[in-house]
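Colleague: Have a look at this one.
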């Protein structure tokens with residue numbers, strides 16, 4: 001890492017107002033926490049907001065997250081940010097996190113772990129009541145890189161929407177990106193015009209990261225075909241966001257009419273399963289075929305999401321073919337087992353979506369293990385022993401309801417710590433990078449009707465809150481796993 005210094009010969013002094021800021025993201029009275037790494041983008045965002053804070057009517061503070069991966073260079077970045085905040089008499093929070101430990105525990109890449117920890121720091125600060133919004137310094141260049149990476153991975157329209165100017169965080173609060181209309185060259189020219197130095201992170205040039213290869217290899221090659229490719233990709237993102245808003249409104253109107261709960265039964269009506277992970281839905285083939293192709297695909301994807309699965313393009317096309325074909329005499333031709341634990345069956349009238357039962361490689365159903373509370377149970381299929389303790393301990397003559405240890409199932413949801421709203425276990429495992437057999441056998445513990453423990457995940461405090469046990473409701477449950 002090296003510290004950049006301004007070069008007077010490159011540009012004349014600039015007014016701070018010359019850096020394009022999306023002022024629509026601010027409201028008078030907003031308390032804005034600016035996430036400052038010390039790099040050019042975040043330093044420029046802080047200086048631009050300082051120049052406009054009276055006009056916008058906002059109050060500023062600074063947050064720096066030290067990720068624990070760059071040693072002395074990271075310490076110099078933190079000292080730079082603290083000094084910058086002190087120069088302008090701004091409160092400054094420095095949060096140190098252990099990115100390598102998180103990456104190992106959650107089976108994430110270093111880049112993904114750092115991002116998750118950074119956004120957790122944002123959520124914590126907002127939850128403390130010290131700020132109303134967190135502002136990050138994503139630029140038009142970042143937007144172009146993101147859209148291109150999503151395109152390379154085969155994203156749907158929502159993926160191509162890229163970085164959103166405003167993002168609502170889990171657990172409450174808002175993250176805004178006021179610099180999405182500014183290019184990196186504008187940012188550096190702006191800082192040089194101010195005579196404001198910044199810090200350079202040498203890892204931004206490491207080819208080990210996909211984004212760096214896109215930034216330094218792929219985008220320069222594309223600029224030979226279109227010098228305005230960055231803005232063109234940013235326009236793709238803006239159009240995709242507008243398209244997605246349209247489709248979400250459209251789906252909200254048609255899904256209640258198209259998605260049928262459960263399975264049909266003789267004599268009329270439908271049988272709806274209530275067991276955790278057993279939710280199923282159906283779509284009438286004739287009504288599906290009457291839709292235009294774009295809406296047809298989205299209805300199929302929405303049906304899969306009801307069962308805890310996410311369809312890629314190929315799986316969606318297979319379902320479209322199944323819906324177009326007549327049911328075959330061979331039972332195997334009427335069923336698809338799709339990634340994400342999704343089973344789809346074709347009846348004469350319907351496509352029926354349901355979560356496939358979680359099974360280990362030998363095909364036998366996974367066992368469920370009752371776990372006394374407090375107590376211990378061995379779970380051979382999961383390769384571990386589980387211990388439940390409660391505080392305060394229950395009286396000896398008043399046992400608490402037992403917990404259940406099992407592998408997760410499609411449709412399972414968990415309440416993450418410091419997060420509002422339940423999350424699909426499937427999506428949590430995808431963010432953790434858990435795949436294959438390990439994914440199939442990933443353990444959870446249920447108590448009083450909800451998942452209170454999941455391997456490698458920090459869940460909301462597992463306090464017994466089901467009305468079935470008033471004695472348990474006042475106690476805190478702790479689960480320990482011993483593997484081997």
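The values are calculated or read from the model by the stated rules, or taken from the named source; none is laboratory data. Since this is a predicted model, take the numbers as computed values, not measurements. We place every Cβ from the backbone using ideal geometry, glycine too, and count neighbours over all the protein chains shown.
Colleague: Being crowded, with 17+ Cβ neighbours inside 10 Å and at pLDDT 80 or above is the filter; apply it to segment 260-283 and report the residue that is farthest from residue 413 (Cα to Cα).
Modeller: Out of the qualifying residues, it is 283.
Colleague: Just to confirm my filter: which helices (runs of 4 or more DSSP H) fall fully inside segment 26-144 and include at least 3 residues that are within 21 Å of the chain's Cα centre (by Cα) and surrounded by fewer than 20 Cβ atoms within 10 Å (Cβ to Cβ)?
Modeller: 99-106, 110-127
Colleague: So in segment 394-403, with the set limited to residues that are at pLDDT 70 or above and part of a loop (DSSP other than H, G, I, E, B), which one is farthest from the chain's Cα centre (by Cα)?
Modeller: The selected residue is 400.
Colleague: Can you tell me which residue within segment 424-449, out of those that are assigned to a strand (DSSP E or B) and closer than 23 Å to residue 371 by Cβ, is modelled with the lowest pLDDT?
Modeller: So the residue we want is 447.
Colleague: Identify all residues within segment 309-318 that are assigned to a helix (DSSP H, G or I) and either closer than 18 Å to residue 247 by Cβ or modelled with pLDDT under 90 (or both); write none if there are none.
Modeller: 313, 314, 315, 316
Colleague: Condition (residue is at pLDDT 95 or above and farther than 30 Å from residue 109 by Cα) applied to segment 62-79: is it met by at least one residue?
Modeller: no
Colleague: While we're looking at this one, here's another question. Please give the number of the condition residue 86 fails out of (1) under 27 Å from residue 458 (Cβ atoms); (2) in contact with a strand residue (DSSP E or B) (Cβ under 9 Å, 6 or more places away or on another chain).
Modeller: Failing condition for residue 86: (1).
Colleague: Continuing with this model, one more query. Are there any pairs with C-beta distances below 7 angstrom linking a residue in segment 339-368 that is within 21 Å of residue 312 (Cα to Cα) to a residue that is modelled with pLDDT of 85 or more and part of a loop (DSSP other than H, G, I, E, B), with the two at least 6 apart or on different chains, and if so which?
Modeller: Note: pairs meeting the criteria are 358/408.
Colleague: What is the residue count in segment 312-325 for residues that are within 21 Å of residue 153 (Cβ to Cβ) and out of contact with any strand residue (DSSP E or B) (no Cβ under 7 Å at 6 or more places or on another chain)?
Modeller: Residues flagged as within 21 Å of residue 153 (Cβ to Cβ) and out of contact with any strand residue (DSSP E or B) (no Cβ under 7 Å at 6 or more places or on another chain) within segment 312-325 amount to 5.
Colleague: Taking the conditions exactly as written (out of contact with any strand residue (DSSP E or B) (no Cβ under 9 Å at 6 or more places or on another chain), without any contact (Cβ under 8 Å) to a residue 40 or more places away in the chain, assigned by TED's automatic domain parsing to the domain that holds residue 210 and over 30 Å from residue 218 (Cα atoms)), does residue 96 satisfy them or not?
Modeller: It is false that residue 96 is out of contact with any strand residue (DSSP E or B) (no Cβ under 9 Å at 6 or more places or on another chain), without any contact (Cβ under 8 Å) to a residue 40 or more places away in the chain, assigned by TED's automatic domain parsing to the domain that holds residue 210 and over 30 Å from residue 218 (Cα atoms).
Colleague: Tell me whether segment 301-308 contains one or more residues that are more than 16 Å from residue 253 (Cα to Cα), in contact with a helix residue (DSSP H, G or I) (Cβ under 9 Å, 6 or more places away or on another chain) and modelled with pLDDT of 90 or more.
Modeller: Among the residues of segment 301-308, not one is more than 16 Å from residue 253 (Cα to Cα), in contact with a helix residue (DSSP H, G or I) (Cβ under 9 Å, 6 or more places away or on another chain) and modelled with pLDDT of 90 or more, which makes the answer no.
Colleague: So, one more: Can you tell me how many residues within segment 223-237 are surrounded by fewer than 17 Cβ atoms within 10 Å (Cβ to Cβ) and either in contact (Cβ under 8 Å) with a residue 40 or more places away in the chain or closer than 18 Å to residue 143 by Cβ (or both)?
Modeller: 7
Colleague: A further question follows. When you look at residue 363, is it at positive phi, part of a loop (DSSP other than H, G, I, E, B) and at pLDDT below 70, yes or no?
Modeller: Criteria met by residue 363.
Colleague: Looking at segment 149-165, can you tell me whether even one residue there is in contact with a strand residue (DSSP E or B) (Cβ under 8 Å, 6 or more places away or on another chain) and surrounded by fewer than 22 Cβ atoms within 10 Å (Cβ to Cβ)?
Modeller: There is at least one residue in segment 149-165 that is in contact with a strand residue (DSSP E or B) (Cβ under 8 Å, 6 or more places away or on another chain) and surrounded by fewer than 22 Cβ atoms within 10 Å (Cβ to Cβ).
Colleague: Determine whether segment 453-466 contains at least one residue that is more than 26 Å from residue 116 (Cβ to Cβ), surrounded by 14 or more Cβ atoms within 10 Å (Cβ to Cβ), at pLDDT 75 or above and not assigned by TED's automatic domain parsing to the domain that holds residue 122.
Modeller: no
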